[in-house]
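First comes the structure, then the notes that go with it.
The values are calculated or read from the model by the stated rules, or taken from the named source; none is laboratory data. Quantities reported herein were computed from a predicted structural model and do not represent experimental measurements. Here the Cβ is made from the backbone with ideal geometry for all residues, glycine too, and neighbour counts use every protein chain on show. Keep in mind that these areas ignore ligands, DNA and RNA; they rest on the heavy atoms of the full protein, side chains included. Shrake-Rupley method; radii C 1.70, N 1.55, O 1.52, S 1.80 Å.
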Amino acid sequence: MKIIHVTNAVGLVLGQDLTRVVPGEFKGVAFHKGHIICPEDIPVMMNMGKDHVYILELGPGDVHENAAAEQLSLLSAGANIIQEHASEGKVKMLAHTFGLLDIQIDKLLQINEMAGVALSTLHSGTLVKKDEVVATAKIIPLTLPQDTLDHIERICASEKIISIRPIPAKKSGLVVTGNEVFYGRIKDRFEEVIQKKISDLGSCLSKTIFVPDDTEKISSAIKELSLENDLVFVTGGMSVDPDDITPLAVRQTGAEVIVYGTPVLPGAMFLFAYLNDTPILGIPACGMFSKITVLDVILPKVLVGDKITSRFIASLGHGGLCRTCSEGCHYPNCSFCK
């Protein structure tokens, strides 16, 4: 660093924090180390008693923290990510749309193993809102070697690290099973729950069919709705009791059952199947009274077209225990299925 008169410092990088004190009004850092000095800063600095300042000298291969942070964010950002302007070596990255966040975790790890660089994100698979901060690019030192940024560019050349997939609007059907509902002994509560969950994701529930506990009628309703919709929900009769026949009825359609039972609570008795590529989602009783279940984790992935596998379902066991927070549910701002 070198010391120069403030009038000669425009366009240069400040090498020290400058504290400003206004009795009874303000005391704190007015100019942070790393700040690029502007013409309007000069009278303020002189009024603070700073006729001379320490200046950081950049070498030919050095990039200022703000410029480096902006490069890092641009290199790592994929579809539907926008960047704010850099400040103090940091750039916030925001969602340009409502959708599902995708993070290339291996590439993220490679970048964060590099000296002087910090790229922080939300969990991959998080459902994010438009304008929500999903990642931050931060440069730790005041300058970063251009070689580091060149290496990051090579890492991101084939695939961006951070992107968002918008959730398309899709049609869904619902089969509600159970003699008690079909014969009007009790009022169904599932339809309202499924309707809200699907509409909150921008899709619609096009048709609901009520059927008794009859495997043929359940299978027939599933087949009918699978021809008219992008996905089908089935509720009721999902436990292992002898009179809970819905899983059998799903199998009788000819569907490929991917899982019946998950390592997620609530949601252990969830069923997922494909009938001619149409997803079939069997919802256990907890889906009616628990605010968040395994359905809330899987449904966005189904809507964006992810292929649901037994391996993916098994992976949800790590973090798959809901903490049932006594002060109220904070999902997705919690550890559930993260």
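Tabulated results
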quantity: Options LEU109, LEU122, LEU101, LEU74; residue that is over 18 Å from ILE155 (Cα atoms) and open to solvent by 30 Å² or more (accessible area, probe 1.4 Å); calculated: LEU122
quantity: The stretch 149-189, residues that are at pLDDT 95 or above and closer than 18 Å to ASP200 by Cβ; calculated: ILE164, ARG165, PRO166, ILE167, PRO168, ALA169, LYS170, LYS171, SER172, GLY173, LEU174
quantity: Whichever residue in the stretch 232-248 is surrounded by 20 or more Cβ atoms within 10 Å (Cβ to Cβ) and touching a residue at least 40 places away in the same chain (Cβ under 8 Å) and, among such residues, is nearest to PHE190 (Cα to Cα); calculated: THR235
quantity: Residue list for the stretch 202-233, filter: farther than 14 Å from ALA249 by Cβ and assigned to a helix (DSSP H, G or I); calculated: LEU227, GLU228
quantity: Residue that is most open to solvent (accessible area, probe 1.4 Å) [pool: residues in the stretch 178-229 that are farther than 16 Å from LEU295 by Cα and among the aromatic types (Phe, Trp, Tyr)]; calculated: TYR183
quantity: Answer from ALA95, ALA68 - the residue that is modelled with pLDDT of 90 or more, surrounded by 14 or more Cβ atoms within 10 Å (Cβ to Cβ), of a type in the set (A, V, I, L, M, F, W, C) and under 30 Å from LEU303 (Cβ atoms); calculated: ALA95
quantity: Any hit, the stretch 286-309, residues being at pLDDT 95 or above, in contact with a strand residue (DSSP E or B) (Cβ under 8 Å, 6 or more places away or on another chain) and over 21 Å from LEU127 (Cα atoms); calculated: no
quantity: Hits in the stretch 234-243 (condition: more than 21 Å from GLY320 (Cβ to Cβ) and either part of a helix (DSSP H, G or I) or out of contact with any Ser or Thr (no Cβ under 9 Å at 6 or more places or on another chain) (or both)); calculated: ASP241, PRO242, ASP243
quantity: Within the stretch 129-148, considering residues that are open to solvent by less than 20 Å² (accessible area, probe 1.4 Å) and touching a Ser or Thr at 6+ places or on another chain (Cβ under 6 Å), the one nearest to GLY78 (Cα to Cα); calculated: ALA135
quantity: Filtered residue count, the stretch 77-92, keeping only those that are more than 12 Å from ILE161 (Cα to Cα) and open to solvent by less than 30 Å² (accessible area, probe 1.4 Å); calculated: 3
quantity: Single residue of the stretch 249-288 satisfying the filter (without any contact (Cβ under 8 Å) to a residue 40 or more places away in the chain, on the phi < 0 side of the Ramachandran plot and not aliphatic (A, V, I, L, M)) that is least open to solvent (accessible area, probe 1.4 Å); calculated: PHE270
quantity: Meets criteria (of a type in the set (S, T, N, Q), in the same structural domain as ASP150 (by the TED database) and modelled with pLDDT of 95 or more) for SER87; calculated: no
quantity: Some residue of the stretch 41-59 being in contact with a Phe, Trp or Tyr (Cβ under 7 Å, 6 or more places away or on another chain) and of a type in the set (Lys, Arg); calculated: no
quantity: Leading residue by the ranking (nearest to THR97 (Cα to Cα)) among those in the stretch 289-338 that are surrounded by fewer than 17 Cβ atoms within 10 Å (Cβ to Cβ) and acidic (Asp, Glu); calculated: ASP306
